[in-house]
1. Could you calculate the contour length gain from residue 11 to residue 52, that is, 0.36 nm times the residue separation minus the distance between their Cα atoms, to one decimal place in nm?
2. Taking springs between alpha-carbon atoms closer than 10 angstrom, which of 161, 310, 354 fluctuates most in the Gaussian network model of the chain?
3. With a 10 Å Cβ neighbour count serving as the proxy for reagent exposure, in which order, fewest first, do 181, 225 appear?
4. So what is the 222 nm mean residue ellipticity for the chain from helices alone, if each DSSP H run of at least 4 adds -39500 (n - 2.57) and you divide by all residues, rounding to the nearest 500 deg cm²/dmol?
5. Just how many % of Cα pairs in the stretch 46-281 lie over 21 Å apart, if you round to the nearest whole percent?
6. With r as the distance between the Cβ atoms of residue 20 and residue 330 and R0 = 22 Å, compute the FRET efficiency 1/(1 + (r/R0)^6) and round to 0.05.
7. Once you've got the GNM for the chain with C-alpha springs shorter than 10 Å, pick whichever of 319, 262, 126 has the biggest mean-square fluctuation.
8. So for the chain: antiparallel DSSP bridges make up what percent, rounded to the nearest 5?
Ligand SMILES: Cc1ncc(COP(=O)(O)O)c(C=O)c1O
């Protein structure tokens with residue numbers, strides 16, 4: 001066998017554990033997918049119209065590397081209004097989603113061998129983004145008995161002389177956990193004491209149900225050590241527009257911009273115009289979609305509990321995380337069997353880290369009638385197994 005031409009860097013990264021299920025699901029008829037984490041809503045009319053208008057007006061060139069100044073101004077005002085955290089236009093970088101913000105932030109801040117602490121279960125891209133930058137992800141387990149909250153003590157126990165930062169993502173994918181302000185203050189205290197960076201993925205910040213989201217950068221003393229990442233994909237139903245942002249102190253933002261300018265140039269122009277509209281007039285739409293997710297959340301959580309699956313109460317994002325371990329099979333076996341026999345796609349919890357073993361992730365960003373049919377099919381399958 002000739003030696004692989006692929007870089008060791010890329011060979012070291014496992015393929016995403018969730019992709020395989022989407023590929024199988026695509027080959028089966030009548031599949032109800034609670035797999036992919038994506039809003040079923042079409043981007044609201046006014047945002048789409050603003051994107052179309054910009055194309056018709058001929059705004060089809062690159063923007064500045066940092067993103068349109070009007071968008072950064074609107075974003076600065078938005079973050080100030082929501083969280084009372086002050087960013088100037090030079091502290092903000094408009095990116096191709098949180099995905100780009102995260103990868104380029106890692107490239108800008110990690111030296112080979114630097115360690116980044118990541119509570120798990122967590123979004124599948126976190127560890128690979130650290131590894132691709134030459135760093136080492138150090139996972140810290142969270143568990144359902146602690147409402148999937150990570151404590152300052154657990155983070156502190158994972159610190160080594162190579163620790164450079166902590167990567168947190170709340171509201172959380174896959175658990176739906178929202179970190180309480182008290183727990184975030186513990187994390188802040190540890191970050192301060194050990195002089196660590198905090199990468200905070202707040203893409204689900206607007207999707208919380210009956211609780212408040214705390215912006216990590218708004219905690220006392222945290223703005224300048226936080227790399228805040230957010231975007232338009234989830235709350236504004238704009239996944240395909242590929243738009244997000246990074247907010248940090250000017251030195252860090254300039255460093256990330258350097259990579260962005262070579263790798264990306266600028267985020268899509270029409271998407272930036274749509275995002276300005278989303279920030280200016282989008283609140284009622286965000287509220288409408290959030291209320292609908294909340295309704296679906298109740299139905300899916302109650303449905304799982306009624307069929308005997310203990311289910312953590314998710315307070316944010318759009319995922320339910322029922323436990324299936326008492327059925328005596330692994331989460332992967334459960335998901336494969338459910339797909340094969342009932343044509344419903346959910347994702348094994350351990351695709352998001354070892355602490356997700358014994359759970360499955362079901363996304364409820366899909367229409368209520370589909371959720372109801374999926375629940376009937378899952379109940380049928382669970383009865384077969386019990
Ligand atoms: C926690 C989390 N962060 C980031 C992303 C990627 O977001 P974007 O579309 O802004 O790249 C996702 C998408 O599923 C996510 O769940």
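All of the numbers you see were taken from the coordinates with simple rules; none came from a lab. Just so we're clear, the structure is a prediction, and the values are computed from it rather than from any experiment. Using ideal geometry, Cβ is built from the backbone for each residue, glycine included, and neighbour counts are taken over all protein chains shown.
1. Details: separation 41, 0.36 × 41 = 14.76 nm, distance 4.06 nm.
Net length gain for the segment: 10.7 nm.
2. Per the Cα network of the chain with a 10 Å cutoff, 161 tops the list.
3. Numbers: 181 14, 225 20.
Placing the least packed residue first, the sequence is 181, 225.
4. Values: 13 runs with 159 residues, N = 386.
It comes out at -13000 deg cm²/dmol, rounded to the nearest 500.
5. Numbers: 14918 of 27730 pairs.
The proportion of pairs with Cα distances above 21 Å equals 54 percent.
6. Working: r = 15 Å, r/R0 = 0.66.
Taking R0 as 22 Å, the efficiency between residue 330 and residue 20 is 0.90.
7. Among 319, 262, 126, the largest GNM mean-square fluctuation belongs to 262.
8. Working: 15 of 35 bridges.
Among the beta bridges of the chain, antiparallel pairing accounts for roughly 45 percent.
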